[in-house]
1. Any number yet on Rg/Rh for segment 75-129, C-alpha, Kirkwood?
2. Would you grab the residues whose amide H sits under 5 Å from the one on Ala75? Only those 5+ places off in sequence or on another chain, please, with H modelled 1.01 Å from N.
3. Please give the length that would be gained between Asp100 and Met56 if that part of the chain were fully extended, namely 0.36 nm times their separation in residues minus their C-alpha to C-alpha distance (nm, one decimal).
4. Given Cβ point charges of +1 (Lys, Arg) and -1 (Asp, Glu) and nothing else, what value in debye, to the nearest 20, does the dipole of segment 26-126 about its Cα centre take?
5. Averaging over all projection directions, find the projected area of the Cα convex hull of segment 26-126 and quote it in nm² with one decimal place.
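The numbers here are math on the coordinates, done by the rules we state, and not lab data. Here the structure is a predicted model, which means the values were calculated and not measured. With ideal geometry, Cβ positions are generated from the backbone for all residues, glycine too; neighbour counts draw on all protein chains shown.
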Amino acid sequence: MRNVKWILCMLAVVCASYAYAGDKMPSGVQEKKSNSGMVVLANAKGMTLYTFDKDMKGMSMCTGECIKNWPPLTASADAKPMGNWTIVEGESGKQWAYKDKPLYTFVKDTKAGDTTGDGAGGVWHAAMP
């Protein structure tokens, strides 16, 4: 009976560790309540992160002028995927993606919590956890 309790206890620890690892985010990324009241993903400065409908799974389609208006959430050279977080190669280098959707900020968001890019052109959306 003691062995069964020990095994169940260890199983609970392993499951809890797995759940925690799945929730882990890249350094500086956070969940934040936006000025509009919704909970969004944000960068280290609290600026809302966005997804682009034209991106393909694991691939950024935002290039040229698009990158000037929608700067990518860059990943360091030594960054490693974790849970729902992956890394894609974009025109400007390594970029974080959440659930296979590359992430961007928006130049017209002027302060932390702004979500002015949400719904822009019908193809940009605030990234939500």
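1. Reported Rg/Rh (Cα atoms, Kirkwood Rh): 1.00.
2. Amide H neighbours of Ala75: Lys94, Gln95, Trp96.
3. Net length gain for the segment: 15.0 nm.
4. The calculated dipole for segment 26-126 is roughly 200 debye.
5. 5.8
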